[in-house]
Amino acid sequence: MIFCYIYTFGMTQEELKKYKDSLESNKKELEELIAKTPLVEDMGSDTEGTSFDQEADEAEAMVNNAAIRDSLKERLKAIDNALEKIDKGEYGKCEKCNEGIDEEKIETSPESSLCRNCK
Ligand SMILES: [Zn+2]
């Protein structure tokens, strides 16, 4: 990865590197979180000795896990997308209007792909 030729939307190489590092560490954290949120595949096969209430609780936990995983995966996708843009030299550009995304927004969520106006 060569940073020397990338100078996107007024960002310095140091800034790009900083955002890339933070995206990569976020990505690692997310992947660990996803791994820790397993989906229970065999629904209903282990019902012996459990009351209906327990079963309902388990089903609910499963639905929650699925929702959590979905939102984590959604974030992971946004991060991958941002990392790809860094490689392509398009990082910091709004996907809708092609304007630069304001630095404050990138600072708080480096995976942003839309500017303040388009969000
Ligand atoms: Zn925009």
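Summary table
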| read-out | value |
| --- | --- |
| Net charge of neighbours whose Cβ lies under 14 Å from the Cβ of I79, counting Lys and Arg as +1 and Asp and Glu as -1 | -3 |
| 9 Å beta-carbon shell around C118, net charge (K/R +1, D/E -1) | +1 |
| Solvent-accessible surface ranking, highest first, for R75, R116, R69 at 1.4 angstrom | R116, R75, R69 |
| FRET efficiency estimate (nearest 0.05) - Cβ-Cβ, A61 to E29, R0 25 angstrom | 0.70 |
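The values are calculated or read from the model by the stated rules, or taken from the named source; none is laboratory data. All values derive from a computational prediction rather than experimental measurement. Neighbour counts are summed over all protein chains in view; Cβ atoms, including those assigned to glycine, are modelled from backbone coordinates with ideal geometry. All accessible areas refer to the heavy atoms of the entire protein, side chains included, with ligands and DNA or RNA removed. Shrake-Rupley method; radii C 1.70, N 1.55, O 1.52, S 1.80 Å.
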